[in-house]
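Down below is the structure, laid out as structure tokens.
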Amino acid sequence: MKVNGVEYRTIWVDDDGWRVKIIDQTRLPHEFNVITLTTADDAARAISTMMVRGAPLIGATTAYGICLAMRHDASDTALDQAYKLLKHTRPTAVNLQWALNAMRQALNKVEETHRVDAAYAFAAKICSADIATNQAIGRHGFELLRKIASNKPAGTPVNILTHCNAGWLATVDWGTATAPIYTAHNAGSLVHVWVDETRPRNQGAALTAFEFNQQGIPHTVIADNLGGHLMQHGEVDLCIVGTDRTTAQGDVANKIGTYLKALAAKDNGVPFYVALPSSTIDWSIGDGLNEIPIEQRASDEVTHITGRNEEGKLTTVQLTPDGSDAANYAFDVTPARLISGLITERGISEASASGLAALFPEHAKLSR
Ligand code: MRU
């Protein structure tokens, strides 16, 4: 996607063929800084401090973290150490574990002397697969948007509500929840997006709004609490969100507050879709509520807020009184019964064990 007219991915290898470049998402939308990662520690820090975030991008960064580790030392011991280091950076997005396992499996078959090249080649493959997957999600989601548009008066946009950032910044490119929106917009269809601000870290207000501004997608940023009211008044045609982990029975963990949007959507008969690459499905678990680990982050993400001050500088201020405790659960689980469908790279499935098994029979068989 474009930033100030220039095409970017969210992660790429420098011209020197080994250093890894990322966009520091903690500074967006006010500052666009490209950061260079040279060690596995750098990659781990970029993930845990959320310079990079979003399940697919966490997976891609993990893969390059392994590459950087192998460049320093390509032994089995070093591979093991890098695996352990990266594994604990963020607990909920299953893409992290998926990418680590895929890299380790690929490298275990390769002699040490060829491991660096093999690692970079495999990480590049993960990135290009992510883009192709998201484009496919875009095509399937666009069909859905077209159907909804055909039931609306001509010349009126399809109003989509999204939560957090499941856009190109959360992936290598295109995004998951945003891919149908970009596909529709590029095809000349009218869309308008309600962008939840997504407290406490404001990924919607900061990142999704930044993306849509840059790509010229009509959008309106809203306080997280407005969604229900908009749905009651017919202002939302459908919701599309992303996911950090989807269970084999179709429960979905996504950014905190997603569940409340799904409840409001159900109450108002608004279709609620989740867009996901199959790398986000954890085939080993069924019951999302009890089996998905939910990340808890530092309370200062709730008690403080960062933005641009009058002098144009990024500044952090305290919102809450001294002495008030704050809880910061980063994700919640939306049960499959509240989800109208899962938009995957293979098509749209019912959010259920049988729906997912029909689209991905090879995994369903293994997980039994
Ligand atoms: O804490 P974050 O910003 O990593 O959370 C991101 C989300 O919740 C996204 O919706 C999810 O990772 C899907 S990204 C395509």
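The values are calculated or read from the model by the stated rules, or taken from the named source; none is laboratory data. Only a predicted model underlies this, so the values are computations on that prediction, with no experimental measurement involved. Cβ coordinates were reconstructed from backbone atoms using ideal geometry, including for glycine residues, and neighbour counts include every protein chain displayed. Please note that ligands, DNA and RNA were not included when accessible areas were found on the heavy atoms of the full protein model with its side chains. Shrake-Rupley method; radii C 1.70, N 1.55, O 1.52, S 1.80 Å.
Once the Cα atoms are used to define both axes, helix 76-87 deviates from the longest principal axis of the chain by about 20 degrees. Tell me the net charge near ASN268. Cut-off is 12 Å between Cβ atoms, ASN268 excluded, with +1 for each Lys or Arg and -1 for each Asp or Glu. Once positives and negatives cancel, what remains is -1. For segment 1-135, relative contact order (Cα pairs under 8 Å, six or more residues apart, normalised by length) works out to 21 percent. Of all DSSP bridge pairs formed entirely within the chain, close to 55 percent run antiparallel.
Normalised by the number of residues in segment 210-295, the mean separation of alpha-carbon contacts (under 8 Å, six or more apart) gives a relative contact order of 33 percent.
Put simply, the amide H of VAL193, placed in the peptide plane, has neighbours under 5 Å in ILE160, HIS219, THR220, leaving out anything fewer than 5 places away on its chain.
Our summary gives the chain a relative contact order of 15 percent, counting only alpha carbon pairs under 8 angstrom and 6 or more residues apart.
Where does the chain land at 222 nm, in deg cm²/dmol rounded to the nearest 500, when only DSSP H runs of n ≥ 4 count, each adding -39500 (n - 2.57), divided by all residues?
Mean residue ellipticity at 222 nm (helix-derived): -12000 deg cm²/dmol.
In segment 2-128, what percent of the accessible surface is made up of carbon and sulfur (1.4 Å probe, ligands and nucleic acids excluded)? C and S fraction of accessible area: 48 percent. The residues of the chain present an accessible area of 43 Å² per residue when probed at 1.4 Å with all protein chains retained.
Scalar couplings 3J(HN,Hα) for segment 307-324, obtained by applying the Karplus form with A = 6.51, B = -1.76, C = 1.60 to θ = phi - 60°, are x, 9, 8, 4, 7, x, 9, 5, 9, 10, 10, 8, 9, 9, x, 4, x, 7 Hz; x denotes Gly and Pro. Distance from the alpha carbon centroid of segment 15-79 to that of segment 162-208 works out to 23 angstrom. Taking the chain as a Gaussian network of alpha-carbon nodes connected by springs under 10 Å, the highest mean-square fluctuation of the residues LEU100, LEU314, LEU161 belongs to LEU314.
Fully extending the segment from THR77 to THR36, taken as 0.36 nm per residue of separation minus the present Cα-Cα distance, adds 12.2 nm. Accessible surface comparison of ASP42, ASP15, probe 1.4 Å, protein chains only, largest first: the order is ASP15, ASP42.
For segment 253-291 versus segment 300-315, the inter-centroid distance based on Cα atoms is 31 Å. Applying 1/(1 + (r/R0)^6) with r as the Cβ-Cβ distance of HIS363 and THR316 and R0 = 45 angstrom yields a FRET efficiency of 0.55.
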